[in-house]
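Undergrad: What follows is a single structure, and I will ask about it in a moment.
The values are calculated or read from the model by the stated rules, or taken from the named source; none is laboratory data. Since we're looking at a predicted model, the values are computed, not measured. For neighbour counting, all protein chains shown are included, and Cβ atoms are generated from backbone atoms with ideal geometry for every residue, glycine included. Just the protein is used for accessible areas: all its heavy atoms, side chains included, with ligands, DNA and RNA removed. Shrake-Rupley method; radii C 1.70, N 1.55, O 1.52, S 1.80 Å.
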Amino acid sequence: MTNPEALNREKQKKRIGLPDLEIGDDKNVILRFAPNPNGPLSIGHSRGVVINSEFAKKYSGKVILRFDDTDTKVKPPLESAYSMIEEEFEWISGLKPDLVIRASSRMEIYLEAAEGMISRGICYVCRCTASEFKELRDSKEACVCRERDVGQNILDWKMMIEGGIDEGGAVVRVKTDLNLPNPALRDWPALRIQHTAHPIVGNRYKVWPLLDFQSAVEDHLQGVTHIVRGKDLMDSTRKQTLLYGLLDWDYPQTLYWGRVKLLDFGGFSTSSIRKSVENGDYSGWDDPRLPTVAALRRRGFSSESLREFWVELGLSQKDISIPMQSIESKNSKIIDRYSERRSFIESPKKLYITSENGDKIDNFGSIFINRHPDYPEMGEREWDLGDGSIFISENDYTEGLIRLKDFADVEIKGDIAVIISREKTDDLPIIHWVSSKNSTEAVMIVARGSEIDNVEGIMENIDGNLGQTLQLERMGFARIEGISDSGRISLIWLHG
RNA sequence: GCUCCUGUGGUGUAGUUCGGUCCAUCAUACCGGGUUUUCAUCCCGGCGACCCGGGUUCAAAUCCCGGCAGGAGCACCA
């Protein structure tokens, strides 16, 4: 029997962008992006920023930037990362977060919440060692601590927060059903003891919440309606849902994305990058060999390309491998529109232009070339040819006929280029070049895998494009990083 | 070992909820051609996929069962 409704269904329609969220009756949408500030953002993090902020835009909702900085030992916060992340969030999403909070400055709230839950018997203090507990948990057995009365638990709790118990000596657990099929969820740990100082709040607190607890309490307090996160946090959702059940709270809608691997970068984690940066293996967090947002930005990526890229990927739970090329192709299309053209000559070779009959000329005057071939309204660049001394790349050098782009057909003999015709002859190879009168020495930083190349060359004058991305004729995109006192230009390579 | 997630072309992705309009969408990559005084941008064409095996059904990418493969969690990390 054919379902008559099926005939009206619109299938095979390409869904564009983000999926729809389930929206509550109040139409409220509150999301959060919650990184650990143990370093600035990586490319992977940018997915979280984009997805959450784009959902907020789509539903006129709010996004909270929350620093989950409750670990002082394994992944301790980096003080400078807070402001970097806040700034990067704004750059990537194009908007300021509606609220910025730090878990470390809200410790009183979490500790109070924990104490309340211990009093109600929802949580208990467990004095077992991690390995002892693991053994019991795996066999679905309760440890002795679980059965102790609330009064005893509160005494232990007080001792914990006063620093009377060493690290590892006790932990607060959420009491769950020990017969849960998933061992990860059985009496999961909520708070633990840390005596190492926190870089922001010092050693005022001896007991710190773990992610699952802190996040659970905070999401509820902030009225978060939707959580979008990596599927590696699925068990986190399950743990938190158990806690919400005990407290009779409503758990937010949760969506996941799968693991993303960028093929052009090896296995990087924020911790490992931090170590290398602090070791001096890299010039900084924005070293172009690094998969950090800072590096992409420095090279000249547009934030728009990141937004489009992640939105188009959507929220599939598949684990995927992405070549950087797919982000780059998006970026090229976006920045081509406003990237002025300039000439950069690698391995320069000096030539002298002469007139048709081979005479040297004292002053050729100037030629004018569009800053952008498709948008003449962007103006022209003036090339003063002076006495005719120019540079072409050694790689392009060959005796015989060739077209100097936007100028003339020439015949090269030795270091002389005789003008054959100003008009272009069809089928002549075209090369880029630069007049020595309005060019200067330049160096371009190029990341090649794990190596950095400083490519020396001669660069056409840039007149006022500091910080901008340019398209280098016949090469690709690069960004102007600076000009030294001596006039030497520094470039950084973006992509082809 | 226990628990969970995911399998559509080289890489991603749409379609799977509710079986038919799907000889399967779009992008990227690749190949070929066009425009262009750049190897850029732009335009046209081509290539190429439903993990495997059963089952249900007139009809399966879609539903059921069983495999297989990849990934994640089982941290007093986030």
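Undergrad: Mind listing whichever residues of region A:422-432 are open to solvent by 30 Å² or more (accessible area, probe 1.4 Å) and either in contact with a Ser or Thr (Cβ under 9 Å, 6 or more places away or on another chain) or under 19 Å from residue A:359 (Cα atoms) (or both)?
TA: The initial filter retains those residues of region A:422-432 that are open to solvent by 30 Å² or more (accessible area, probe 1.4 Å), namely A:422-430.
The answer is A:422, A:429.
Undergrad: Testing residue A:350 on (1) within 28 Å of residue A:431 (Cβ to Cβ); (2) more than 6 Å from RNA strand B (Cβ to nearest atom); (3) in contact with a Leu (Cβ under 8 Å, 6 or more places away or on another chain), one condition comes back false. Which one is that?
TA: Of (1) within 28 Å of residue A:431 (Cβ to Cβ); (2) more than 6 Å from RNA strand B (Cβ to nearest atom); (3) in contact with a Leu (Cβ under 8 Å, 6 or more places away or on another chain), only one is false for residue A:350: (3).
Undergrad: Here is a follow-up. Looking at region A:216-234 only, could you name the residues that are open to solvent by less than 40 Å² (accessible area, probe 1.4 Å), within 19 Å of residue A:103 (Cβ to Cβ) and among the polar types (S, T, N, Q)?
TA: Those that are open to solvent by less than 40 Å² (accessible area, probe 1.4 Å), within 19 Å of residue A:103 (Cβ to Cβ) and among the polar types (S, T, N, Q): none in region A:216-234.
Matching residues to (1) modelled with pLDDT of 95 or more; (2) of a type outside the set (Gly, Ala, Ser); (3) not assigned by TED's automatic domain parsing to the domain that holds residue A:465:
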{"site": "A:254", "(1), (2), (3)": "no, yes, yes"}
{"site": "A:264", "(1), (2), (3)": "no, yes, yes"}
{"site": "A:267", "(1), (2), (3)": "no, no, yes"}
{"site": "A:270", "(1), (2), (3)": "no, yes, yes"}
{"site": "A:277", "(1), (2), (3)": "yes, yes, yes"}
{"site": "A:280", "(1), (2), (3)": "yes, no, yes"}
{"site": "A:288", "(1), (2), (3)": "yes, yes, yes"}
{"site": "A:293", "(1), (2), (3)": "yes, yes, yes"}
{"site": "A:302", "(1), (2), (3)": "yes, no, yes"}
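Undergrad: Which one is most open to solvent (accessible area, probe 1.4 Å), of the residues in region A:458-496 that are part of a strand (DSSP E or B) and without any contact (Cβ under 8 Å) to a residue 24 or more places away in the chain? Break it down into steps so the answer makes sense when it comes.
TA: Initially, region A:458-496 is screened for residues part of a strand (DSSP E or B), giving A:458-460, A:469-472, A:476-483, A:489-495.
Within this subset, residues satisfying the condition of being without any contact (Cβ under 8 Å) to a residue 24 or more places away in the chain are A:476, A:480, A:482-483.
Numbers: A:476: 7, A:480: 0, A:482: 15, A:483: 91 Å².
The selected residue is A:483.
Results for (1) modelled with pLDDT of 95 or more; (2) in contact with a Cys (Cβ under 8 Å, 6 or more places away or on another chain); (3) among the β-branched types (Val, Ile, Thr); (4) under 27 Å from residue A:29 (Cβ atoms), shown as yes or no for each residue.
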position	(1), (2), (3), (4)
A:49	yes, no, yes, yes
A:53	yes, no, no, yes
A:59	no, no, no, yes
A:64	yes, no, yes, yes
A:67	yes, no, no, yes
A:73	no, no, no, no
A:77	yes, no, no, no
A:82	yes, no, no, yes
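Undergrad: Let me confirm something: among A:176, A:129, A:196, which residue is β-branched (Val, Ile, Thr), within 37 Å of the chain's Cα centre (by Cα) and surrounded by fewer than 20 Cβ atoms within 10 Å (Cβ to Cβ)? Explain how you work it out, then say what you get.
TA: On the way: A:176 fails: within 37 Å of the chain's Cα centre (by Cα); A:129 fails: within 37 Å of the chain's Cα centre (by Cα).
Result of the check over A:176, A:129, A:196: A:196.
Undergrad: Which numbered condition in (1) of a type in the set (A, V, I, L, M, F, W, C); (2) under 34 Å from the mean Cα position of the chain (by Cα); (3) away from RNA strand B (no atom under 12 Å from the Cβ) is the only one that residue A:320 fails?
TA: (3)
Undergrad: In addition: Residue check, residue A:413 against (1) under 26 Å from residue A:359 (Cα atoms); (2) away from RNA strand B (no atom under 13 Å from the Cβ); (3) surrounded by 15 or more Cβ atoms within 10 Å (Cβ to Cβ), all met but one. Which one?
TA: (3)
Undergrad: Can you give me the number of residues within region A:288-307 that are free of Cβ contacts under 8 Å to residues at least 24 places away in the same chain and either surrounded by fewer than 21 Cβ atoms within 10 Å (Cβ to Cβ) or basic (Lys, Arg) (or both)?
TA: Number satisfying all stated conditions: 0.
A quick yes/no check of all residues on (1) touching a Ser or Thr at 6+ places or on another chain (Cβ under 9 Å); (2) within 30 Å of residue A:326 (Cα to Cα); (3) within 13 Å of RNA strand B (Cβ to nearest atom):
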residue	(1), (2), (3)
A:404	no, no, yes
A:458	yes, no, no
A:473	yes, yes, yes
A:478	yes, yes, yes
